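Q: Questions regarding the structure given below will be posed in turn.
The values are calculated or read from the model by the stated rules, or taken from the named source; none is laboratory data. All figures in this text were calculated on a predicted structure; none of them were measured in a lab. Note that each Cβ is placed from the backbone with ideal geometry, even for glycine, and that neighbours are counted across all protein chains shown. Protein only, heavy atoms only, side chains kept; ligands, DNA and RNA dropped before computing areas. Shrake-Rupley method; radii C 1.70, N 1.55, O 1.52, S 1.80 Å.
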Amino acid sequence: MANEDARILASWQTNADPWISAVREAQIESRRLVTDRALLAAIDAQRPRTVLDLGCGEGWLCRALLAWGIRTWGVDATASLVDAARAADPAGDYDCLDYAAFSLRPPARKVDLVACNFSLFGAEELNHLLASLPQVLNPGGHLLIQTLHPHVACGDGPYADGWREGSWAGFDAAFSDPAPWYFRTLESWVTLLGDSGFRLQGIGEPLHPITGRPASLLLVAGVG
């Protein structure tokens, strides 16, 4: 595991409790106003019967989809987040598994849709992970990625792939040790999907109602 990927995991382990509070108390404005709803709408458009929430955190998406009658499977690398998801949804299906282990030996089960909601921040490990995902999708299945919009997240840095230092700016003071993240251009995301065996089918740019700027980038891809 690369040092940066290890730092990402360590940061989430450190910040699991404040993250659970932030999500469940709707403290994150962009999620409250835009991105949660945008993700649910994008999933609903595909009409899946089964969904893998990859990087499920404390399980909010699995719970929302279960309320729609969709069977869900949540996977996350942070044990305390998976424990919180299980406690909130005792009948739910959750596994604690990091991306390296997942990509090395993908679980022998299939779903209609894989959702990655702001959960893809690495570099080499992410490449291996995406290349493994076609194996867990049913025929006609889809991969849905919601991530930072590169034109907005770029800030004053160069518009080029590379590691960036993280920040908890705008979050509660309980957060500490922000994780690094790997910046990707839009072209890089599209190329990575193709190299991983996916065909890009749609791009969404949900707008923040106050700033008028994209709150996220939504990528919808199919296999082949």
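Q: Open to solvent by 20 Å² or more (accessible area, probe 1.4 Å), in contact with a Lys or Arg (Cβ under 6 Å, 6 or more places away or on another chain) and over 22 Å from residue 177 (Cβ atoms): does that describe residue 64?
A: So residue 64 does not fit the description; no.
Q: I've got another one for you. State the number of residues belonging to the range 29-55 that are over 19 Å from residue 222 (Cβ atoms) and part of a helix (DSSP H, G or I).
A: Qualifying residue count for the region: 11.
Q: Collect the residues in the range 56-69 that are in contact with a helix residue (DSSP H, G or I) (Cβ under 8 Å, 6 or more places away or on another chain) and either assigned to a helix (DSSP H, G or I) or not aromatic (Phe, Trp, Tyr) (or both), keeping them in residue-number order.
A: Those that are in contact with a helix residue (DSSP H, G or I) (Cβ under 8 Å, 6 or more places away or on another chain) and either assigned to a helix (DSSP H, G or I) or not aromatic (Phe, Trp, Tyr) (or both): 56, 57, 58, 59, 60, 61, 62, 63, 64, 65.
Q: Continuing with this model, one more query. Hey, among 119, 103, which residue is open to solvent by less than 30 Å² (accessible area, probe 1.4 Å) and either aromatic (Phe, Trp, Tyr) or part of a helix (DSSP H, G or I) (or both)?
A: Exactly one residue qualifies, and that residue is 103.
Q: Let me ask you something else. Pairs, please: C-beta under 8 Å, at least 6 apart or cross-chain, first residue farther than 24 Å from residue 135 by Cβ and in the range 37-66, second among the polar types (S, T, N, Q)?
A: Matching pairs, first to second residue: 38/146; 38/216; 66/72.
Q: Go through (1) open to solvent by less than 50 Å² (accessible area, probe 1.4 Å); (2) at pLDDT 95 or above; (3) in a loop (DSSP other than H, G, I, E, B) for residue 129 and report which single condition fails.
A: With (1) open to solvent by less than 50 Å² (accessible area, probe 1.4 Å); (2) at pLDDT 95 or above; (3) in a loop (DSSP other than H, G, I, E, B) applied to residue 129, the lone miss is (3).
Q: Condition first: modelled with pLDDT of 95 or more, more than 23 Å from residue 95 (Cβ to Cβ), within 18 Å of the chain's Cα centre (by Cα) and of a type outside the set (Asp, Glu). Can you find one or more residues in the range 112-125 that meet it?
A: no
Q: Could you check residue 13 against (1) closer than 27 Å to residue 163 by Cβ; (2) open to solvent by less than 60 Å² (accessible area, probe 1.4 Å) and say which number it fails?
A: (2)
Q: Among the strands (runs of 3 or more DSSP E) contained in the range 169-224, which hold 3 or more residues that are farther than 18 Å from residue 35 by Cβ and in contact (Cβ under 8 Å) with a residue 60 or more places away in the chain?
A: 217-223
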